[in-house]
Amino acid sequence: EQRFSPNIKNVIETDAFGDVAEGNVGEFLKFLPGITVDYVAADVRTVSVRGFGPGFTSVMVDGFRMASASSGAGNRAFEFEQVSINNASRVEVTKVPTPAMPASALGGAVNLIGKNAFERKGAQFNYRLSFNMNDEDLDFFSKTPGPGRKETYKVLPGFDFDYTLPINDNLGFVITGL
């Protein structure tokens with residue numbers, strides 16, 4: 001797909017770089033050439049393609065543009081905490097727009113290709129259990145002050161799964177959760 005593309009495009013399987021922290025697509029994209037990520041706290045919030053600002057990078061799922069509830073007034077940047085990589089089988093990053101692409105994709109576009117049951121020959125179940133922590137407080141079993149006014153745990157568990165079940169040539173199921 002990358003080789004026969006009419007423009008410059010990277011196509012990468014989502015499991016190419018191993019596990020992605022919290023399923024954040026931006027954590028995956030930061031390893032690709034020509035991509036710059038912007039952090040808010042420890043999370044990738046927006047991405048820039050080819051040096052253009054995040055407002056000039058269009059984000060799509062299976063070719064359909066994603067709406068973003070961005071935090072700034074008049075801001076067209078897509079914020080990646082709104083979508084999980086758990087539902088994508090591969091990511092396409094287009095670096096040179098074609099006339100068929102939206103005008104807001106001046107810098108480039110990120111297209112998440114969804115998983116489907118026909119990519120597998122038989123049933124498959126994948127899961128992952130994780131712990132998210134900050135190196136400033138590694139106390140697993142007690143609450144400490146912050147953020148805000150209440151005490152919270154600083155080490156938090158995470159879990160995600162993916163179940164693929166192709167039934168026949170025309171019907172299959174993919175169930176994912178995070």
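Quick notes
- Loop-resident sites, the range 90-178, for trypsin sites (Lys or Arg not before Pro), counting at most 11 other Cβ within 10 Å (DSSP): K121, K143, R149, K150
- Normalised by 2.2 N^0.38 Å, where N is the number of residues, the C-alpha radius of gyration of the range 47-178 stands at 1.38.
- Over the range 1-120 - Rg/Rh using Cα atoms and the Kirkwood inverse-distance radius: 0.94
- Among G148, G122, G114, the largest mean-square fluctuation in a Gaussian network model of the chain, built with springs joining Cα atoms closer than 10 Å, belongs to G148.
- A cut-off of 5 Å between modelled amide H atoms, ignoring neighbours fewer than 5 places along the same chain, links S130 with G158, F159.
- GluC sites (Glu not before Pro) within the range 108-152: DSSP coil, no more than 10 neighbouring Cβ in 10 Å: E136
- With DNA, RNA and ligands ignored, accessible area of M66 (1.4 Å probe; Å², nearest 10): 60 Å²
- Exposed loop sites are taken as chymotrypsin sites (Phe, Trp or Tyr not before Pro) in a DSSP loop (any state but H, G, I, E or B) with at most 15 other beta carbon atoms within 10 Å; the longest stretch of the chain without one runs 53-139.
- Among A42, A77, A88, residue whose mean-square fluctuation peaks in a GNM of the chain (springs only between Cα atoms under 10 Å): A42
- Solvent exposure of the chain, expressed per residue, is 61 Å² of accessible area, with all protein chains present and a 1.4 angstrom probe.
The values are calculated or read from the model by the stated rules, or taken from the named source; none is laboratory data. Note that this is a predicted model, so its numbers are computed, not measured. Positions of Cβ are generated from backbone atoms using ideal geometry, with glycine treated the same way; all protein chains shown enter the neighbour counts. We work out accessible area using only protein heavy atoms, side chains counted, and drop any ligands, DNA or RNA first. Shrake-Rupley method; radii C 1.70, N 1.55, O 1.52, S 1.80 Å.
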